[in-house]
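What follows is a short report on a single structure.
The values are calculated or read from the model by the stated rules, or taken from the named source; none is laboratory data. These numbers were taken from a predicted model, which means no experiment stands behind them. Counting neighbours? That spans all protein chains shown, and the Cβs are built from the backbone with ideal geometry, glycine included.
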Amino acid sequence: MFIPDISQWSVPPGCYATIYTPNPANFPARPGFGYCNWWVREQHLNHPDITEGNYPRSSIPQAGEAVWLDPDVQGASSDGHWAQLVAISPGGYWLLISEMNFSWRGGGFGRVDYRYIHTGPGILFVEA
């Protein structure tokens, strides 16, 4: 899932290059389908308030955690952005995330894409 020469806008290989639209009927009824926080909450059904609650945050990534990107950091909007941490590269710098409502390569509202981000200022990991 990691390519040899990663940059922030490298397209992940294989199935991670796919952008898709989940069918909301396949997920628990929950308001907000299409937004970035909806996707993250669906990945943490035991913690449905993970994007709003007071959970511990860290700068050290662990696969499976929710990811908060501060406003205007690594492609986030001026409101910030939520994503799901899928995998961590050897060395821990590059991260593969899945996200919804991120307009890149045909993604956007109600669509899920995968991309790389890297650890650094403005990136926090939420432990549920």
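Odds and ends about this structure:
- Only listed residue being modelled with pLDDT of 95 or more, within 22 Å of V126 (Cβ to Cβ), of a type in the set (A, V, I, L, M, F, W, C) and loosely packed, with under 13 Cβ neighbours inside 10 Å, chosen from A87, A63: A63
- Any hit, region 9-27, residues being assigned to a loop (DSSP other than H, G, I, E, B), aliphatic (A, V, I, L, M), modelled with pLDDT of 90 or more and surrounded by 10 or more Cβ atoms within 10 Å (Cβ to Cβ): yes
- Qualifying residues in region 79-91 (those that are out of contact with any Asp or Glu (no Cβ under 6 Å at 6 or more places or on another chain) and without any contact (Cβ under 8 Å) to a residue 24 or more places away in the chain) - the one farthest from C36 (Cα to Cα): G91
- Filtering region 28-54 to residues that are under 14 Å from the mean Cα position of the chain (by Cα) and outside any helix (DSSP H, G or I) leaves G34, Y35, H44, I50, T51.
To keep it simple, each residue is scored yes or no on (1) over 15 Å from Y114 (Cα atoms); (2) in contact with a Phe, Trp or Tyr (Cβ under 7 Å, 6 or more places away or on another chain); (3) of a type in the set (A, V, I, L, M, F, W, C).
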position	(1), (2), (3)
A29	yes, no, yes
G64	no, no, no
V73	yes, no, yes
D79	yes, no, no
